[in-house]
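Here is the structure we will look at.
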Amino acid sequence: MTLPTIGLYIVLPVLLLAVLLAFVRLARGPSLPVRALALDLMATTGIGLIAVFAVIADRPVVLDVAIVLAMTSFLATVAFAYYVERRR
């Protein structure tokens, strides 16, 4: 088994399942912080999906997209934490 085959048959379905479960938590979350955490998990899993795709397709340029998404997700998480702290 080669690395692209492992990525296609094992890693990608597991990451897609994680996105689906995080979306369920996002839709059913009992509070705003839980929903924000689910959204952050979806972004992190999306970064993982992009990274696996870059390895499978042998295109390291795609990793730049993952880096930008990671920075944006981090800033959104910090902004939300600031918002929750100020709301109290």
May I ask you to derive the FRET efficiency for L75 and I6 from their Cβ-Cβ distance with R0 = 22 Å, giving the value to the nearest 0.05?
0.10
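Note down the relative contact order for the range 11-64 as a percent, whole number, built from C-alpha pairs under 8 angstrom at least six residues apart.
33
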Using helices alone, I'd like the mean residue ellipticity at 222 nm for the chain: each DSSP H run of four-plus residues gives -39500 (n - 2.57), total over residue count, nearest 500.
-27500 deg cm²/dmol
Once ligands and nucleic acids are excluded and a 1.4 Å probe is used, how much of M71 is accessible, expressed in Å² to the nearest 10?
110
Taking a ≥ b ≥ c as the square roots of the eigenvalues of the Cα gyration tensor, with a/c under 1.5 meaning rounded and otherwise prolate when a/b exceeds b/c and oblate if not, the range 6-88 is oblate
With a cut-off of 14 Å, note down the residues of the range 15-45 whose backbone N falls inside the zone around a label point 7 Å from the Cα of E85 toward its beta carbon.
none
Helix by helix through the chain, keep the DSSP H runs that span 18 Å or more along the axis on Cα and average at least 1.6 on Kyte-Doolittle, and give those back in order.
12-28, 32-57
If you take the beta carbon distance between L32 and V55 as r and set R0 to 41 Å, what does 1/(1 + (r/R0)^6) give as a FRET efficiency, to the nearest 0.05?
0.70
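The values are calculated or read from the model by the stated rules, or taken from the named source; none is laboratory data. Keep in mind that what you see is a predicted model, and the values were worked out from it rather than measured. We place every Cβ from the backbone using ideal geometry, glycine too, and count neighbours over all the protein chains shown. Calculation scope for accessible area: heavy atoms of the full protein, side chains included, ligands and nucleic acids excluded. Shrake-Rupley method; radii C 1.70, N 1.55, O 1.52, S 1.80 Å.
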